[in-house]
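Reading through the structure tokens given below for one structure.
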Amino acid sequence: MDSNGNRLNLRLELALLISKARTQDSIYQKVLNKDTLPDRFSSLYWEDVLDRLEDLALMDHAENFTPDHSLYIEDPALLKSYWTLREWCGIDIYPDRPSAVTERL
């Protein structure tokens, strides 16, 4: 169970945004009779998903929280993005400002 209530809120918001983005992709395919999904970066919902994913990665990094599993992120590309963001959080881009990660939160 998550120790931080904000993490649960972010996870729920992320799940909702992923659902909206997938629905938008499905409508796009049906309306335009396309066989392929639209580019994820052309959708506002996918941009919001990535923003929330970044917030979650920053929060998890700042609190040194590592999830036991990631059932709420089923999409392999999103899961990879989450872990990439977590890795980037560990890179000290502001060596003179140790609290740069937590300031974003």
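Observations, loosely collected:
- Residue tally, condition in contact with a helix residue (DSSP H, G or I) (Cβ under 8 Å, 6 or more places away or on another chain) and either at pLDDT below 90 or of a type in the set (Lys, Arg) (or both), over region 37-49: 8
- Taking each residue of region 5-34 that is modelled with pLDDT of 90 or more and looking for partners that are among the basic types (Lys, Arg) with beta-carbon atoms closer than 8 Å, six or more apart or interchain, yields Leu10/Arg52; Glu13/Arg52; Leu14/Arg52; Leu17/Arg52.
- Which numbered condition Pro76 fails, given (1) loosely packed, with under 11 Cβ neighbours inside 10 Å; (2) modelled with pLDDT of 80 or more; (3) in contact with a helix residue (DSSP H, G or I) (Cβ under 7 Å, 6 or more places away or on another chain): (3)
The values are calculated or read from the model by the stated rules, or taken from the named source; none is laboratory data. Owing to the predicted nature of the structure, the values given are computational and were not obtained by experimental measurement. Every residue, glycine among them, receives a Cβ derived from its backbone with ideal geometry; neighbour counts consider all protein chains shown.
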